[in-house]
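What follows is one structure encoded as structure tokens, with my remarks underneath.
The values are calculated or read from the model by the stated rules, or taken from the named source; none is laboratory data. Remember, predicted model here, so these are calculated numbers, not experimental data. All Cβ positions, glycine included, derive from the backbone under ideal geometry; neighbour counts span all protein chains shown. Surface areas here come from the heavy atoms of the whole protein model, side chains and all, with no ligands, DNA or RNA. Shrake-Rupley method; radii C 1.70, N 1.55, O 1.52, S 1.80 Å.
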Amino acid sequence: MKPKILLIYTGGTIGMIKDPETGALKAFNFSELLIHVPEIKLLSCEVETCSFDEPIDSSNMNIAYWDALASVVNENYENYLGFVILHGSDTMSHTGSALSFMFENIKKPVILTGSQLPIGDLRTDAKENLITSLQLACLQNDEQPLIQEVCIYFEYQLYRANRTAKMNAEHFEAFSSPNYPPLAISGVNLKVDRDLLWGASSDTAFAKAGLRNNRYVTHEDGMIYRSGLDNNVVILKLFPGISPEVVGAVCNISSVKGILLETYGSGNAPTEPWFIDILRSTIQRGVYIVNITQCRGGAVVMGKYETSMILRQIGVVSGADMTTEAALAKMMYLLHHCDDLATFKLVFERSIRGEVTPTY
Ligand code: ASN
């Protein structure tokens, strides 16, 4: 019997068509999408499908959709060898990051893919992305799925999803993974670098320490699905000339529980007293502040320069070499599942799904 893959359609350019009246791209239905890829029948796996009732442009993605998508994977987890999710590229890295945190100890592939041109377009990149994603999801080793993590496949490269960012709105090569190499390259052969894969041996025991035991499901193979994310977060991107009014207003939003501070270079920020005073009093109020770099590559190293030392002293948490997308999703996940700064800091600063390069 052929192994089964569940193909989940959420929307995105891959399934869009030009509205003849407005000229804008809008979603069309899933069965029409599959008509364009008869090659699916030739694969060594059986593909079953399901779809969002209303496919969305991924700019409309939110935590309710993430919960819905994660629960589709969770409910079907035992019945499939792996999962391929068709998703718009605009927020694919965010969704991939969020899913990676929601599935602890996952033993199956969840591969997100999409395209820059609709599947009906003559020059489309959609077919290759879809077919190779399905092939990657089918790969086995000793009758177990070879890939056991949440990935993005786009334009001949398979990446760990929580290491990626969309970096180009024009090129077919739309994603980059600046701080972690691609897990696989599709050329004449599909070359998977097994040493780079996240696997059962990866030590995440501490990742559970201190997490609230709310709303989780354990599967037979040890996969733990934790639903729920907390979106009371904000990204505060620094720029030369940022004013006390702006920093104060953001830090004082009463519903905000976590702030991603996008700093310069290796985690540097102004040392002006007004700036440090606002951050210090925000942390004292119980808000978590994480330092993440605006640079696409490299890492926050608090203490490397005087301009970041003080941040460490007042209790800012380091995002190290995490992408903004991964840090945001990890913050939403941890805010929902832990309630003290010590646990938050411990788990945030360590790798729980391969999202950050360990420095310990
Ligand atoms: N706006 C589209 C989306 O993210 C872009 C794409 O899929 N290429 O849904």
Just checking, which of G222, G248 is open to solvent by less than 30 Å² (accessible area, probe 1.4 Å) and either under 25 Å from F103 (Cα atoms) or among the hydrophobic types (A, V, I, L, M, F, W, C) (or both)?
-> G222
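Which of the residues belonging to segment 32-66 are within 16 Å of the ligand (Cβ to nearest atom) and at pLDDT below 90?
Initial filter on segment 32-66 (within 16 Å of the ligand (Cβ to nearest atom)): 33, 36, 51-52, 54-62, 65-66.
Answer for segment 32-66, where residues must be within 16 Å of the ligand (Cβ to nearest atom) and at pLDDT below 90: L33, H36.
Within segment 82-133, count every residue that is among the β-branched types (V, I, T), modelled with pLDDT of 95 or more and over 19 Å from the mean Cα position of the chain (by Cα). Before the answer, list the steps.
Looking only at segment 82-133, we keep the residues that are among the β-branched types (V, I, T), and these are 84-85, 91, 95, 106, 110-111, 113, 119, 124, 131-132.
Pick out the ones that are also modelled with pLDDT of 95 or more and you get 84-85, 91, 95, 106, 110-111, 113, 131-132.
Now restrict to residues that are over 19 Å from the mean Cα position of the chain (by Cα): 131-132.
Qualifying residue count, segment 82-133: 2.
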Taking segment 125-142, which residues are within 16 Å of the ligand (Cβ to nearest atom), open to solvent by less than 50 Å² (accessible area, probe 1.4 Å) and in contact (Cβ under 8 Å) with a residue 60 or more places away in the chain?
-> A126, N129, L130
Number of the exception - T95 against (1) β-branched (V, I, T); (2) over 30 Å from M322 (Cβ atoms); (3) within 16 Å of the ligand (Cβ to nearest atom); (4) open to solvent by less than 10 Å² (accessible area, probe 1.4 Å) = (2)
Hey, can you tell me all the residues within segment 147-158 that are in contact with a strand residue (DSSP E or B) (Cβ under 6 Å, 6 or more places away or on another chain) and either among the aliphatic types (A, V, I, L, M) or open to solvent by less than 10 Å² (accessible area, probe 1.4 Å) (or both)?
-> V150, C151, I152, Y153, F154, L158
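Only one of N79, N29 is modelled with pLDDT of 95 or more, open to solvent by 40 Å² or more (accessible area, probe 1.4 Å) and away from the ligand (no atom under 15 Å from the Cβ). Can you tell me which? I'd like the intermediate steps shown before the answer.
Working: N29 fails: modelled with pLDDT of 95 or more.
Only one candidate qualifies: N79.
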In segment 3-26, the residues that are in contact with a helix residue (DSSP H, G or I) (Cβ under 9 Å, 6 or more places away or on another chain) and more than 15 Å from the ligand (Cβ to nearest atom) = P3, K4, I5, L6, L7
State whether the residues of segment 298-312 include one that is in a helix (DSSP H, G or I) and in contact with a Lys or Arg (Cβ under 7 Å, 6 or more places away or on another chain).
-> no
